[in-house]
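Engineer: Here you go, one structure.
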Amino acid sequence: MTIAIALFTQDLRLHDNPVLRAAVAAADEVVPLFVLDPDIAAAGFAVPNRAAFLADCLTDLDASLRPLGGRLILRHGPTAPATARLADELGAASVHLAAGVSAFAQRRERALRALLGDRLHVHDGALTVVVPGAVTPAGKDHYAVFTPYFRAWSQAPRRSVHRPPKALRTPDGVPSEPVPVPAGGPESPGLPPGGERAARRRWQRYPLDRYAELHDDLAADGTSRLSPYLHFGCLSANELAAAASRHGGEGAEAFVRQLAWRDFHHQVLAARPAAARHDYRDRGDRWLPEDDEECAAWRQGRTGFPLVDAGMRQLAHEGWMHNRARLVTASFLAKTLYRDWRIGARHFLRLLVDGDLANNQLNWQWVAGTGTDTRPNRVLNPLAQADRLDPAGDYVRRWVPELAHVPGRAVHRPWLLADRPAGYPDPIVDPTALSARLRHARDLD
């Protein structure tokens, strides 16, 4: 009997999984393996919110494998030696892994290759729609601007969507460790449930036709909220793109464009792994220091700018924030307060259940003007954005209870009210000079 190991990483699903498909095709028996790697915790990624969501995902994956004749094997330790040790114990002929884009994923793959040699098989297309590096401009290794990338991405060939396996057999007697339950639970009380089955229920119920209409409306909460499931691989981006393209229509087109943005950031990070920590384009910024009351007010949702505060409070409660609110809150920290984007990126990664390195870091740089944005000095005015994205003020009233009784658009400028709401702070910066610090620092005046 031949044995293959399917090493799960960010592909915690049965549907459209090239790694699992290849392992099932390669051997008589398959060991679905997930390694709880302490290096991930040491790097700061095993935070309570994502650890709780991961526990759900692993429990769900094991429950889905068992009716097929399999089960999930869990091990603790550095991924490469733990996987190689199990492969040697079982005499596994092959180990299958999804290609990653981060520096950590690339180090992990090199370590596995060093121990497993040609028994390691790395599969593209498990984490994105278009493989990073599959489309490139002439003479370059990646696209630095989204629009030409999107044109090329739209014409790139796609692999077919794989059905889940009908059956697989996991050898008897392979010991497994229990799914870890995070001590103290998640930091945010409003986390969504993790796992492929929860992900597919959400996708099947989502009104895709209304995506273009609602995805910028903060109060309507009309985004798909699929980003946590995409981050952990409970859903396949390739399958979602194929389904949306078959569906057609304006909503589906807008949804697919967001999948392309996700791929765009993955191909940038794959080509420039250092962009996870360093400016993609250095603007010579000398950011103001972190340790002061302004940064604390931003983290706590106490800036006195209601849309910013609503977004930060949603993040604290749900471990998730609407994408438009992410852009506004990030612009406020990086451009209005003129603080290093890495301060905000760390805070987001501490709480976001969808805390994806490529999308989080490169979106922060886009906002800060040190990334791929072609207008590096743009400032997203939180007042103008509030009027556009939350015209009736319902999103703010939902998340800032101190302003719950302020009617209409007045909720976005409570400092102008004759009777100021009790308990809500005054603006921490002058509302008429939201770009002053950036303009002075970058000598734009």
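Engineer: Kindly indicate whether residue 170 is β-branched (Val, Ile, Thr) and under 29 Å from residue 358 (Cβ atoms).
Structural biologist: Taking the combined requirement at face value, the residue does not satisfy it.
Engineer: Restricting attention to strands (runs of 3 or more DSSP E) lying wholly within the range 1-88, give those where 3 or more residues are buried (at least 24 other Cβ atoms within 10 Å of the Cβ) and of a type in the set (A, V, I, L, M).
Structural biologist: It comes to 3-7, 29-36.
Engineer: State yes or no: is residue 438 under 18 Å from residue 314 (Cα atoms) and either aliphatic (A, V, I, L, M) or outside the structural domain of residue 384 (by TED's automatic domain parsing) (or both)?
Structural biologist: no
Engineer: On the given criteria, is residue 85 closer than 23 Å to residue 361 by Cβ and among the basic types (Lys, Arg)?
Structural biologist: It is false that residue 85 is closer than 23 Å to residue 361 by Cβ and among the basic types (Lys, Arg).
Engineer: Something else about it: Going by the conditions given, is residue 77 touching a Leu at 6+ places or on another chain (Cβ under 9 Å) and within 14 Å of residue 32 (Cβ to Cβ)?
Structural biologist: Considered against the rule, which asks whether it is touching a Leu at 6+ places or on another chain (Cβ under 9 Å) and within 14 Å of residue 32 (Cβ to Cβ), residue 77 comes out as no.
Engineer: Output the residues belonging to the range 242-298 that are in a helix (DSSP H, G or I), of a type in the set (D, E, K, R) and at pLDDT 95 or above.
Structural biologist: 246, 250, 253, 257, 262, 263, 294
Engineer: Search the range 419-444 for residues being in a helix (DSSP H, G or I), among the aliphatic types (A, V, I, L, M) and in contact (Cβ under 8 Å) with a residue 40 or more places away in the chain, and hand back the single one that is surrounded by the most Cβ atoms within 10 Å (Cβ to Cβ).
Structural biologist: This residue is 438.
Engineer: While we're looking at this one, here's another question. Residues of the range 145-200 being outside any loop (DSSP other than H, G, I, E, B) and of a type in the set (Ser, Thr, Tyr), which ones?
Structural biologist: Listed by number, the residues that qualify are 147, 149, 154.
Engineer: Answer yes if at least one residue in the range 313-321 is in contact with a strand residue (DSSP E or B) (Cβ under 8 Å, 6 or more places away or on another chain) and either over 30 Å from residue 100 (Cβ atoms) or aromatic (Phe, Trp, Tyr) (or both), and no otherwise.
Structural biologist: no
Engineer: Just one of 354, 373 is part of a loop (DSSP other than H, G, I, E, B), closer than 23 Å to residue 229 by Cα, assigned by TED's automatic domain parsing to the domain that holds residue 435 and among the acidic types (Asp, Glu); which is it?
Structural biologist: Only one candidate qualifies: 354.
Engineer: Continuing with this model, one more query. Step by step: first the residues of the range 128-146, then only those that are within 26 Å of residue 235 (Cβ to Cβ) and hydroxyl-bearing (Ser, Thr, Tyr), then the one that is farthest from the chain's Cα centre (by Cα). Which residue is that?
Structural biologist: Per the criteria, the residue is 143.
Engineer: State which residue pairs qualify: first residue of a type in the set (Asp, Glu) and inside the range 289-300, second residue at pLDDT 95 or above and in a helix (DSSP H, G or I) in any location, beta carbons under 8 Å apart, and separation of 6 or more residues or different chains.
Structural biologist: 290/343
Engineer: If I go through the range 97-135 residue by residue, how many of them are crowded, with 18+ Cβ neighbours inside 10 Å and of a type in the set (S, T, N, Q)?
Structural biologist: Looking only at that region, the number is 2.
Engineer: Do we find a residue being over 22 Å from residue 190 (Cα atoms), touching a Pro at 6+ places or on another chain (Cβ under 7 Å) and at pLDDT 95 or above anywhere in the range 435-444?
Structural biologist: No, that holds for no residue.
Engineer: When the residues of the range 404-418 are filtered to those that are among the aliphatic types (A, V, I, L, M) and surrounded by 22 or more Cβ atoms within 10 Å (Cβ to Cβ), which remaining residue is nearest to residue 307 (Cα to Cα)?
Structural biologist: Top of the filtered list is 411.
Engineer: Are any residues in the range 402-418 part of a loop (DSSP other than H, G, I, E, B) and of a type in the set (A, V, I, L, M, F, W, C), and if so, which ones?
Structural biologist: Correct list: 404, 406, 417, 418.
Engineer: Are any of the residues in the range 335-348 β-branched (Val, Ile, Thr) and within 17 Å of the chain's Cα centre (by Cα)?
Structural biologist: No, because not a single residue in the range 335-348 is β-branched (Val, Ile, Thr) and within 17 Å of the chain's Cα centre (by Cα).
Engineer: Okay, moving on. Of the conditions (1) farther than 28 Å from residue 53 by Cβ; (2) polar (S, T, N, Q); (3) buried (at least 16 other Cβ atoms within 10 Å of the Cβ), residue 170 fails just one. Which one is it?
Structural biologist: Tallying (1) farther than 28 Å from residue 53 by Cβ; (2) polar (S, T, N, Q); (3) buried (at least 16 other Cβ atoms within 10 Å of the Cβ), residue 170 fails exactly one: (1).
Engineer: If you don't mind, another one. Looking at 383, 349, 333, which one is under 30 Å from residue 12 (Cα atoms), in a helix (DSSP H, G or I) and at pLDDT 95 or above?
Structural biologist: On inspection, the qualifying residue turns out to be 349.
Engineer: All but one of (1) surrounded by 19 or more Cβ atoms within 10 Å (Cβ to Cβ); (2) under 15 Å from residue 322 (Cα atoms) hold for residue 221; which doesn't?
Structural biologist: Of (1) surrounded by 19 or more Cβ atoms within 10 Å (Cβ to Cβ); (2) under 15 Å from residue 322 (Cα atoms), only one is false for residue 221: (1).
Engineer: Between a residue in the range 220-247 that is closer than 14 Å to residue 128 by Cα and outside the structural domain of residue 16 (by TED's automatic domain parsing) and any residue that is outside any helix (DSSP H, G or I) and of a type in the set (Ser, Thr, Tyr), which pairs come within a Cβ distance under 6 Å, given they are 6 or more apart or on different chains?
Structural biologist: 237/128
The values are calculated or read from the model by the stated rules, or taken from the named source; none is laboratory data. Keep in mind it's a predicted model, so treat the numbers as computed, not measured. Methodologically, a virtual Cβ is constructed for each residue, glycine included, from the backbone with ideal geometry; neighbour enumeration extends over all protein chains shown.
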